[in-house]
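Data first, discussion second: the structure below is written as structure tokens.
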Amino acid sequence: MIDITDRDFNKEVLECKLPVFTCFTTRWCHSCYPTCLLADELVKEYDGSVKFVRLDMEKSPEIAGRYHVITVPTILLFKDSQPVEKLLGFQERESLKRLLGDAIAKDPGLNSEASQN
């Protein structure tokens, strides 16, 4: 998972050809840490199918405001530059896998586009 800011949000998220798992966090959020840890484990499993990024909403309040993120952690899944799914609060591994599996299943061409990013 890579850390991004509002400066590279467009490039890393909106311009990406893959679905982008975006984890909005803060450094003081206690439930963000385990959610991000689970996401870190999923990076290898979904390599080439999904891009994983983490955004500290205190450092990038404009992006958090644009997508109405007020709860941390918030997971936004972006596809084709648009948020398509939103999960609030701590998530267990299975709910994250279900979110990612649904995103991949809805677009069977994703694996062929992985090398384009």
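The values are calculated or read from the model by the stated rules, or taken from the named source; none is laboratory data. Source: prediction; values computed, not measured. Cβ coordinates were reconstructed from backbone atoms using ideal geometry, including for glycine residues, and neighbour counts include every protein chain displayed.
Just to be sure I understand, how many residues within the stretch 103-117 are touching a helix residue (DSSP H, G or I) at 6+ places or on another chain (Cβ under 9 Å), modelled with pLDDT under 75 and part of a helix (DSSP H, G or I)?
Result for the stretch 103-117: 2.
Would you pick out the residues in the stretch 73-89 that are out of contact with any Leu (no Cβ under 9 Å at 6 or more places or on another chain) and in contact (Cβ under 8 Å) with a residue 24 or more places away in the chain?
G89
Determine whether L100 is within 14 Å of the chain's Cα centre (by Cα), in contact (Cβ under 8 Å) with a residue 24 or more places away in the chain, surrounded by 13 or more Cβ atoms within 10 Å (Cβ to Cβ) and in a loop (DSSP other than H, G, I, E, B). Before the answer, list the steps.
Values: within 14 Å of the chain's Cα centre (by Cα): yes; in contact (Cβ under 8 Å) with a residue 24 or more places away in the chain: yes; surrounded by 13 or more Cβ atoms within 10 Å (Cβ to Cβ): yes; in a loop (DSSP other than H, G, I, E, B): no.
Considered against the rule, which asks whether it is within 14 Å of the chain's Cα centre (by Cα), in contact (Cβ under 8 Å) with a residue 24 or more places away in the chain, surrounded by 13 or more Cβ atoms within 10 Å (Cβ to Cβ) and in a loop (DSSP other than H, G, I, E, B), L100 comes out as no.
Go through the stretch 9-29 and give me each residue that's part of a loop (DSSP other than H, G, I, E, B) and free of Cβ contacts under 8 Å to residues at least 60 places away in the same chain.
Matches in the stretch 9-29: T26, R27, W28, C29.
As an exercise: evaluate V43 against (1) surrounded by 19 or more Cβ atoms within 10 Å (Cβ to Cβ); (2) part of a helix (DSSP H, G or I); (3) under 12 Å from the mean Cα position of the chain (by Cα) and give the number of the one condition it does not meet.
Here V43 meets the rest and fails (1).
Quick one: in the stretch 46-96, of everything that is among the aliphatic types (A, V, I, L, M) and in a loop (DSSP other than H, G, I, E, B), which residue is farthest from T25 (Cα to Cα)?
Filtering the stretch 46-96 for residues that are among the aliphatic types (A, V, I, L, M) and in a loop (DSSP other than H, G, I, E, B), the one farthest from T25 (Cα to Cα) comes out as V50.
How about the stretch 70-82: which of its residues are farther than 20 Å from L37 by Cβ and in contact with a strand residue (DSSP E or B) (Cβ under 7 Å, 6 or more places away or on another chain)? I'd like the intermediate steps shown before the answer.
The first filter runs over the stretch 70-82 and keeps only residues farther than 20 Å from L37 by Cβ, leaving 70, 78-82.
Result: F78, single match.
Is at least one residue of the stretch 61-69 in contact (Cβ under 8 Å) with a residue 12 or more places away in the chain and touching a Lys or Arg at 6+ places or on another chain (Cβ under 6 Å)?
Looking through the stretch 61-69, none of the residues is in contact (Cβ under 8 Å) with a residue 12 or more places away in the chain and touching a Lys or Arg at 6+ places or on another chain (Cβ under 6 Å).
Show the residue pairs meeting these rules: Cβ distance below 7 Å; 6+ apart or different chains; first residue within the stretch 30-57 and more than 20 Å from E15 (Cα to Cα); second residue assigned to a strand (DSSP E or B) and among the basic types (K, R).
From residues that are more than 20 Å from E15 (Cα to Cα), the pairs are C36/R54.
Of all the residues that make up the stretch 58-87, how many are under 12 Å from the mean Cα position of the chain (by Cα) and either aliphatic (A, V, I, L, M) or modelled with pLDDT under 90 (or both)?
5
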